[in-house]
Amino acid sequence: MNTPLTKVVMKLLPVYLLLAWVLSACGAAGESDLTNADVLFHDQFVAGQTGNWVLEGDAAGRASIVSEQLHLQVNTPATLQFTTLAEPTFADFVLEVDARLIAGDLQSSYGVLLRMQDSTRFYRFEITGNGLYMVERRNGDGSWTRFVQDWAETTAVHQGFSVVNRLRVEAVGATMRFYVNGTLLHQVTDAQYAAGTIALDAGTFGQPGLEVAFDNVVVKRP
């Protein structure tokens, strides 16, 4: 598997430009849950106990750990910034994470990349600060395969700034289910990528100045 990059600058139609996301400490799993034998990985971003996240950055955007949360900043339009958990890889799993939009445009998105082969091939689950969501696959040739016809509206997303959204992904074989705050948004059957790494991401459409924060990542056996 190739070394993951942390940024993709998209020069596509606006419908494909990438957005931003954030997580927070609310909704955290209890300590007893984290010691369960079914837990494959967890991270509360405590100093000295964080996982092997690829934390990089430049003038366009960066990833950093601040006050026991993982922050992503995007300073340029039409840019996807993500931080990959370099290891382990996951095939069948259930992932949950808290996300919180701190600053930027409410149309920006934030979410999870899963079953990453490298920086050009992965599945992507995103929500926006104004209540939309998307599920799609990034192909190696730079194109996207959408599993939702267009960005879809849902009342399940907590809209606005500094509010927590709990994201959940269930991936078992070719079937993947995507939830926000306990509500199933979409189910996909696709066998293109069977296993890979995970990442947290944030991105912009036309407006820069995006910041999101993530916390309480838990990956379990299904």
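Assign one of three labels to the range 7-220, namely rounded, prolate or oblate, based on the Cα gyration tensor with a ≥ b ≥ c the square roots of its eigenvalues; rounded applies when a/c is under 1.5, prolate when it is not and a/b is larger than b/c, and oblate otherwise.
Cα axes put the range 7-220 in the rounded bin.
For the chain, what is the calculated [θ] at 222 nm in deg cm²/dmol (nearest 500), taking -39500 (n - 2.57) for each run of four or more DSSP H residues and dividing by its residue count?
Numbers: 1 runs with 4 residues, N = 222.
Result for the chain, helices only: -500 deg cm²/dmol.
Just how far, in whole angstrom, is the range 43-69 from the range 71-148 if you go by their alpha carbon centroids?
When both Cα centres are located, 16 Å separates them.
Which FRET efficiency value, to the nearest 0.05, is calculated for Q159 and T183 with the Förster distance at 22 angstrom and r the Cβ-Cβ distance?
With R0 = 22 Å, the Cβ-Cβ based efficiency is 0.95.
Rounded to the nearest 0.05, what FRET efficiency do W144 and S67 have when you use their Cβ-Cβ distance and R0 = 25 Å?
Efficiency, rounded to the nearest 0.05: 0.15.
Which whole-number percentage describes the relative contact order of the chain, with Cα contacts under 8 Å and a sequence gap of 6 or more?
Numbers: 669 pairs, mean separation 75.7, N = 222.
Answer for the chain is 34 percent.
Once the Cβ-Cβ distance between N36 and D92 is put in as r, and R0 is 25 Å, what FRET efficiency do you end up with, to the nearest 0.05?
Using R0 = 25 Å, I get an efficiency of 0.95.
Decide, for the range 59-122, between rounded, prolate and oblate: order the square roots of the alpha carbon gyration tensor eigenvalues as a ≥ b ≥ c, take rounded if a/c falls under 1.5, and otherwise choose prolate if a/b is larger than b/c, else oblate.
In terms of gyration-tensor shape, prolate.
Throughout, read-outs are computed from the coordinates displayed, never taken from laboratory work. Everything quoted here is computed from the prediction, not taken from an experiment. Don't worry about glycine lacking a Cβ; one is built from the backbone with ideal geometry, like all the others, and counts go over all protein chains shown.
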